[in-house]
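*Asks:* This structure is in structure tokens; I'll ask about it shortly.
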Amino acid sequence: MSIIKSVDVKKWYGDFQALKGISMDVAEGEVLVIAGPSGSGKSTFIRCINRLEQHQDGQIFVDGIELTNDLKNIEAIRSEVGMVFQSFNLFPHLTVLQNITLAPIWVRKKSKTEAEEKAMELLERVGIPEQADKFPGQLSGGQQQRVAIARALAMEPKIMLFDEPTSALDPEMIKEVLDVMKELAKSGMTMIVVTHEMGFAKEVADRVMLFDDGQLVEENTPDEFFNNPKSDRTKLFLSQIL
Amino acid sequence: MIQVAIKTLNSDKVIPYQKYVTYGMLALTAVVFFLPVLRQLKLLFLITWLLVSIAPTVANSKESARNLSIVWTVTVFILILLMRGASSESLIIVPGSSIYGGFTLTWLIAFFGIAISFPFGVVLALGRTSKLPIIRIICTAVIELVRSVPFITWLFFGSVMLTLFLPKGVEFDEVLRAIVVTAIFSSAYLAENVRGGLQSINNGQFEAADAVGLSTLQRITLIIMPQALRAVIPPIVSQVISLFKDTSLVAIVGLFDLLYIGSKVIPNQSQGANFLGTIQENILFCAIFYWLFTYSFARRSMKIEKRLGLGER
């Protein structure tokens, strides 16, 4: 049973067609890595899954609910889909703890103590419980991104979307974020990860996809993807980044 | 006691017994007011208490800020009460029907003008940045209309023209009208300041708020507004200072504010005491009085900015 299903999804920015008919599905508990050159539409696609971008043609189903203009559906889907951004997008006026507890308190209507307990648990999990009372601006990039992951997890999502989570980080900090993501993947979370970290893809992905020019060029197991790619475009892509 | 007040004003940190000094002064002032002593002495106590009570505005502590708000709220009511009593047989004869005159009037118009304009300004700013065309057009029209006409014209409109549009017999208090006009005028400027703050917010903040499932209202009140308002503290304080001083314009529609009483009323009186020709001294006093307040606003805003960590995101 697939938890995310997209059928022939198309999107335009003015005259420019960013997505040229993407059809795919993701099974529950699967870790999917999407690779591809910049401007290939991979970020646009995962942003369509929680409606940060609106697709103009085709259908997207998340956990059986179709994404339409119905605000109720959008809110329902957003509360089940966690998202981690390239630029972290933490709330700078709130402490780390407040960043994490905000949505559980206001959207899930949890009590403050309950939300804070859960938040401390998550901070423990991402390895920075001692930073709970600091503001995002006082943390390093890697720490901020781990807080962002904890913030997304606090809503107890069924699916996690990662939009180039390590692209804005210093090389030394990439590992600490990837470690958290690996741990998350092993815990059985459904994940879609847009990334250039091919090491991560090799190690934890169940499937790897290559996007190019708004199209899904290749879809394969990591083993096959890296060692025996089907399309020439994948070969070219791999030769450039490896 | 004035020395204590000045000492408190000069010190950078709030002195530990500030709270008790303030409460003590409040009690003393109240007692003195009901004793048959010289009116000058009563006023001296009142002014000293004012000085003591504004001292926390230049102090840097959360507790003092909380006490301050309580003290100021109490001040409003007590000032009105005392001024009511004192104006009945004052040394200074204030013409006009309104019981409010002098600093009470200046203060009333400035305080309520700003307080009322705040929510309206925020709503207008949100309306102007709204995606819905009707709301956007209405808010933009209101802001531009209010801004394009001078404050004095609006005051005239409020005091002279408004009665023409209202049904016969319906009349508002002159002071109330001045407050409403001030609030409307101020909210248009405030809206533009807040809009500047809204535009400074990174798009990622909207996306992150959406992604964690916040509703539109929660997104605005919990994420966007706190950041937008924090970003525009300096222009807002600037506006508050400017509005505080602009209240002296209400003299034009026949209200007797601090400056008008100082520059026109007192120098022409010789009842009770001989104040004839004291215009220079009075204007100097008014200037210092205005400075004292505007400077404490400015100091306060600096402290708030520091506490909210402006510029260290």
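Rule-based calculations on the coordinates, nothing more; no lab input. All values reported here derive from a predicted model rather than from experimental measurement. Every residue, glycine as well, gets a Cβ built from its backbone with ideal geometry; the counts of neighbours run over all protein chains shown.
*Asks:* What order, most packed first, do the peptides A:19-29, A:195-205 have when packing is the mean number of other Cβ atoms within 10 Å of each residue?
*Replies:* Going by the mean number of other Cβ atoms within 10 Å, highest first, we get A:195-205, A:19-29.
*Asks:* Give me the compactness ratio for segment B:236-288, meaning the Cα radius of gyration over 2.2 N^0.38 Å.
*Replies:* Relative to the rule-of-thumb radius for its length, segment B:236-288 sits at 1.30.
*Asks:* Follow-up question, since we're still on this one. Nearest-5 percent of antiparallel DSSP beta bridges in chain A?
*Replies:* Details: 21 of 38 bridges.
Among the beta bridges of chain A, antiparallel pairing accounts for roughly 55 percent.
*Asks:* For segment A:219-230, in order, what is each residue's ³J(HN,Hα) by Karplus, 6.51 cos²θ - 1.76 cosθ + 1.60 with θ = phi - 60°, in whole Hz (x at glycine and Pro)?
*Replies:* 9, 7, 6, x, 4, 5, 4, 8, 9, 8, x, 7
*Asks:* Which far-off residues, 5 or more places away or on another chain, put their amide H under 5 Å from the one on A:V84, with H placed in the peptide plane?
*Replies:* The list, which skips near neighbours in sequence, is A:L161, A:F162, A:D163.
*Asks:* What is the set of long-range amide H partners of A:E53 at a cut-off below 5 Å, with H atoms built 1.01 Å from backbone N?
*Replies:* Amide H to amide H, under 5 Å and 5 or more residues apart or across chains, A:E53 pairs with A:C48.
*Asks:* Excluding A:S38 itself, calculate the net charge of residues whose Cβ lies under 13 Å from the Cβ of A:S38, where each Lys or Arg counts +1 and each Asp or Glu counts -1.
*Replies:* Numbers: positive: A:K42; negative: A:D163, A:E164, A:D212, A:D213.
Counting the neighbours of A:S38, the net charge comes to -3.
*Asks:* Assuming 0.36 nm per residue, please report the length gained on full extension of the stretch B:S238 to B:Y23 beyond their Cα-Cα distance.
*Replies:* 74.3 nm
*Asks:* State the three equivalent ellipsoid semi-axes of segment A:141-191, derived from the C-alpha gyration tensor as the square roots of 5 times its eigenvalues, in descending order and whole Å.
*Replies:* Values for segment A:141-191, descending: 19, 11, 9 Å.
*Asks:* Then there's this: Helix A:96-106: angle to the longest alpha-carbon principal axis of chain A, degrees 0 to 90, nearest 10?
*Replies:* 80
*Asks:* Can you run the Rg to Rh ratio on segment A:28-171? Use alpha carbon positions and the Kirkwood inverse-distance Rh. Please list the in-between numbers first.
*Replies:* On the way: Rg = 15.8 Å, Rh = 16.2 Å.
When Rh is taken as the Kirkwood radius, the ratio is 0.98.
*Asks:* For segment A:116-242, what number results from the quotient of the Cα radius of gyration and 2.2 N^0.38 Å?
*Replies:* 1.18
*Asks:* If R0 is 41 Å, what FRET efficiency do you get for A:E121 and A:E28 from their C-beta distance, rounded to 0.05?
*Replies:* After rounding, the FRET efficiency stands at 0.95.
*Asks:* To continue, here is another question. Across segment B:213-265, how large is the tail of the calculated P(r) beyond 15 Å, expressed as a percent of all Cα pairs?
*Replies:* Details: 878 of 1378 pairs.
Summing the P(r) tail past 15 Å for segment B:213-265 gives 64 percent.
*Asks:* Compute the Rg/Rh shape ratio of segment A:92-167: radius of gyration over Kirkwood radius, all on alpha-carbon atoms. Show your work: numbers first, answer last.
*Replies:* Numbers: Rg = 11.7 Å, Rh = 12.4 Å.
The Rg/Rh ratio comes out at 0.94.
*Asks:* Where the convex hull is taken over the Cα atoms of segment B:114-242, what is its projected area averaged over directions, in nm²? Mind dumping the intermediate values first?
*Replies:* Values: hull surface 36.7 nm².
Mean projected area for segment B:114-242: 9.2 nm², to one decimal.
*Asks:* How much mean residue ellipticity at 222 nm does chain A get from its helices, if each DSSP H run of length 4 or more adds -39500 (n - 2.57) and you divide by all residues, to the nearest 500 deg cm²/dmol? Intermediate values should be presented prior to the final figure.
*Replies:* Working: 9 runs with 94 residues, N = 242.
Roughly -11500 deg cm²/dmol at 222 nm, from the helical runs in chain A.
*Asks:* Something else now. Quick one: Karplus J couplings for segment B:227-237, per residue in order, coefficients 6.51, -1.76, 1.60, θ = phi - 60°, nearest Hz, x for Gly and Pro?
*Replies:* 6, 5, 5, 4, 5, 10, 4, x, x, 5, 5
*Asks:* Please tell me which of these pairs span more than 22 angstrom C-alpha to C-alpha: A:K10/A:K42; A:K72/A:K118; A:K118/A:K158; A:K112/A:K186? Please report the intermediate quantities before stating the final value.
*Replies:* Numbers: A:K10/A:K42 12 Å; A:K72/A:K118 26 Å; A:K118/A:K158 17 Å; A:K112/A:K186 29 Å.
Violating the 22 Å Cα-Cα cut-off are A:K72/A:K118; A:K112/A:K186.
*Asks:* Let me ask something additional. Roughly speaking, what % of Cα-Cα pairs in segment A:1-112 are separated by over 22 Å, rounded to a whole number?
*Replies:* Working: 2599 of 6216 pairs.
Of the Cα pairs, 42 percent sit more than 22 Å apart.
*Asks:* Could you tell me the calculated FRET efficiency between A:E114 and A:A168, based on Cβ-Cβ distance and R0 = 30 angstrom, to the nearest 0.05?
*Replies:* Calculated transfer efficiency: 0.40.
*Asks:* Something else now. Find the Cα radius of gyration of chain A, compare it with 2.2 N^0.38 Å by division, and give the number to two decimals. Mind dumping the intermediate values first?
*Replies:* Values: Rg = 17.8 Å, N = 242, 2.2 N^0.38 = 17.7 Å.
Computed over Cα atoms of chain A, the ratio equals 1.01.
*Asks:* Need one word for segment B:107-152: rounded, prolate or oblate. Basis is the Cα gyration tensor (sqrt eigenvalues a ≥ b ≥ c); a/c below 1.5 gives rounded, then a/b vs b/c decides. Before the final figure, lay out the partial values.
*Replies:* Working: a/c = 4.75, a/b = 1.67, b/c = 2.85.
Oblate, since a/c reaches 1.5 and b/c is not below a/b.
*Asks:* So, one more: Which shape class, rounded, prolate or oblate, goes with segment B:166-313 when its Cα gyration tensor gives a ≥ b ≥ c as root eigenvalues, a/c under 1.5 marks rounded, and past that a/b bigger than b/c marks prolate?
*Replies:* It comes out oblate by the Cα gyration axes.
*Asks:* Using the basic label-point model (7 angstrom from Cα toward the beta carbon), what is the B:V149 to B:T278 distance in nanometres?
*Replies:* Using points 7 Å along Cα→Cβ, the separation is 4.0 nm.
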